[in-house]
Amino acid sequence: MQTLSRTRTRKRRQRRNRPWRLLKRLLFMGTMTAATFMLLGATFLFATDTGEELREWAAGTLLTTQHDYWAPYTFLPEEKLEALKQQIRNPVVINSADETTNTPKDEPVDEPAAVAIPEVKKELIEIEEIDEKRSNYYFKGKIMYISDPKRVQLLVSNRKDRGELLDEFVKKHNALGIVNASGFSDPDGYGNGVKAFGLLIKDGKILQNYNAKGGETALGITFDGKLITGNYTAQQLVDMGVKDAMSFRPQLIVNGKNLFADKPAKSWGIQPRTAIGQKEDGTIVFVVIDGRQPGHSIGASMNDIAELLAERGVVTAMAMDGGSSSMMLHNNEAITKTSCPYYRGRYLPNAWAVI
C-alpha cells in the first residue's frame, strides 16, 4: 500500500513538472541562444498575453538562426509564426541611390569651387562604448567611427579549404579596424566560411553575382566613398561606381528613414548583431553588439540597432551577418566579446576593414 502511494505521488510530480522538463530538454539540446532560454522560461511562467509576446520574441530569435526548425516549439499561433517568417524572409527593400543619376568611376566629376573653411582634424578611427538596458534584456557592444570612407574596404578570403579569422585578415592586410560581413552556409553551426552567400564585388570586379529579386540586399561603397544599399544587380553597382560590395539583410536606415521605427521589435528576435552605416558627412560606422552571454550581454533587436544608428546621425545602414560571427577588432585586438566558443571567432568569407 505504501509503495502504491509513493508511485502515485511520483506520477503526480511528473505531471506537474512536465513543462519544466520540456524546457530543460530544449535547453540541453544546445540549439537555442541564451536570450531564447530566458524568454521561453518566462513563457512557461506566464500563461497570459505577456506570455504570447515572449513567445513571439523567442520565435523571432530562433527564426534568425540556423535552428529555425525549433520555432514551432514556442507554441506560437500559426498565423503569428507565419507573419514573423514573412517579415524576415521578405523585408522591405528601398534603393538608396538612383542608378541613372550616379556617375561611373571613369567619368570626371565637376567639383564645386572650394570655400576656405577652417579644417578640424579628425581621428581616422574613434570608438564608442555601448551599454543599454531594455525592460527585459540588456546588451553591450562597440561603435567604430571611420572619418575617411575611402579607407574602408571589403577583404575577401582566397582560401579554398576555409574562410579566415578576423585577426588573419588584419595581419594579411594591416587593417586598423575590422568587422564581419557576409553570411555563409553554416549547418548546425559548423560552417567553415569558405563561400559567402550572395553578391561579391572587389575593386570594381564582380567575383560573385546573385539574384537581386531574392531576399538578399546589396551594400556597396563607391570609389569616392559613398555607401549604397538596395535591390541592385552586380552590374548595376559596378556601373554606379561601386568599388566593393556584398549582400545580406535587412536594411535598417535608407536616406535618413529608420525602416524599423514602426515595426514590432520581436520580429527579428534578440541576437548578437553587426551593422554598417554612413553619416551625412561621409563617416562610415561599424557597430557590433555582443549577445547570448547572460551576465554580460543578451543581444539586441533590429529595432535597437536601427535606433542606435539613427540617434547618431546615420542616414544609410544595413545589417551584416550576426550571431556567433559578430565581432570587432581594433589595432588587432578584439574589443567585443564573441559568442563563438573560440575566442578568435569564426572562419569568415569576407570582412569590412579600415586599411
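The values are calculated or read from the model by the stated rules, or taken from the named source; none is laboratory data. For clarity, every value in this text was computed on a predicted model and none was experimentally measured. Note: ideal-geometry Cβ built from the backbone for every residue, glycine included; neighbour counts use all protein chains shown. All accessible areas refer to the heavy atoms of the entire protein, side chains included, with ligands and DNA or RNA removed. Shrake-Rupley method; radii C 1.70, N 1.55, O 1.52, S 1.80 Å.
Looking across the range 300-321, just one residue is more than 14 Å from the chain's Cα centre (by Cα) and polar (S, T, N, Q), and that is THR316. Look at the range 288-311: where a residue is under 12 Å from SER326 (Cβ atoms) and a partner is of a type in the set (Asp, Glu), sitting 6+ places away or on another chain with Cβ atoms under 8 Å, you get ILE289/ASP304; SER297/ASP290; GLY299/ASP290; ALA300/GLU132.
Being farther than 16 Å from TYR137 by Cα and not acidic (Asp, Glu), is that true of even one residue in the range 288-301? Yes: one or more hits.
Of all residues in the range 187-213, those satisfying the criterion of being within 20 Å of ILE276 (Cβ to Cβ) and either free of Cβ contacts under 8 Å to residues at least 12 places away in the same chain or within 18 Å of the chain's Cα centre (by Cα) (or both) are GLY193, ALA196, PHE197, GLY198, LEU199, LEU200. All conditions but one from (1) in contact with a strand residue (DSSP E or B) (Cβ under 8 Å, 6 or more places away or on another chain); (2) open to solvent by 40 Å² or more (accessible area, probe 1.4 Å); (3) modelled with pLDDT of 75 or more apply to GLY141; the one that does not is (2). Filter the range 172-189 for residues that are hydrophobic (A, V, I, L, M, F, W, C) and in a strand (DSSP E or B); which is surrounded by the fewest Cβ atoms within 10 Å (Cβ to Cβ)? The selected residue is PHE184. The residues of the range 267-281 that are closer than 22 Å to TRP352 by Cα and open to solvent by 10 Å² or more (accessible area, probe 1.4 Å), listed by number, are ARG273, GLN278, LYS279, GLU280, ASP281.
Listed conditions (1) buried (at least 17 other Cβ atoms within 10 Å of the Cβ); (2) touching a Pro at 6+ places or on another chain (Cβ under 8 Å); (3) more than 30 Å from LEU54 (Cβ to Cβ) are all met by THR217, apart from (3). Look at the range 261-283: where a residue is under 24 Å from MET327 (Cβ atoms) and a partner is of a type in the set (Lys, Arg) and modelled with pLDDT of 95 or more, sitting 6+ places away or on another chain with Cβ atoms under 7 Å, you get PRO272/ARG292.
If you go through the range 238-255 and keep only what is over 24 Å from ALA310 (Cα atoms) and small (Gly, Ala, Ser), you end up with just GLY241. Scanning the range 224-266 for residues that are basic (Lys, Arg) and either open to solvent by 50 Å² or more (accessible area, probe 1.4 Å) or assigned to a loop (DSSP other than H, G, I, E, B) (or both) turns up LYS226, ARG249, LYS257, LYS263. Scanning the range 339-352 turns up no residue that is out of contact with any helix residue (DSSP H, G or I) (no Cβ under 7 Å at 6 or more places or on another chain), closer than 28 Å to ASP148 by Cβ and among the aliphatic types (A, V, I, L, M). Restricting SER324, SER339, SER297 to those that are within 11 Å of the chain's Cα centre (by Cα) and within 26 Å of LEU54 (Cβ to Cβ) reduces the list to SER324. Checking ASN209, ASN192 one by one, the residue that is of a type outside the set (Phe, Trp, Tyr), surrounded by fewer than 17 Cβ atoms within 10 Å (Cβ to Cβ) and in contact with a helix residue (DSSP H, G or I) (Cβ under 7 Å, 6 or more places away or on another chain) is ASN209 and no other.
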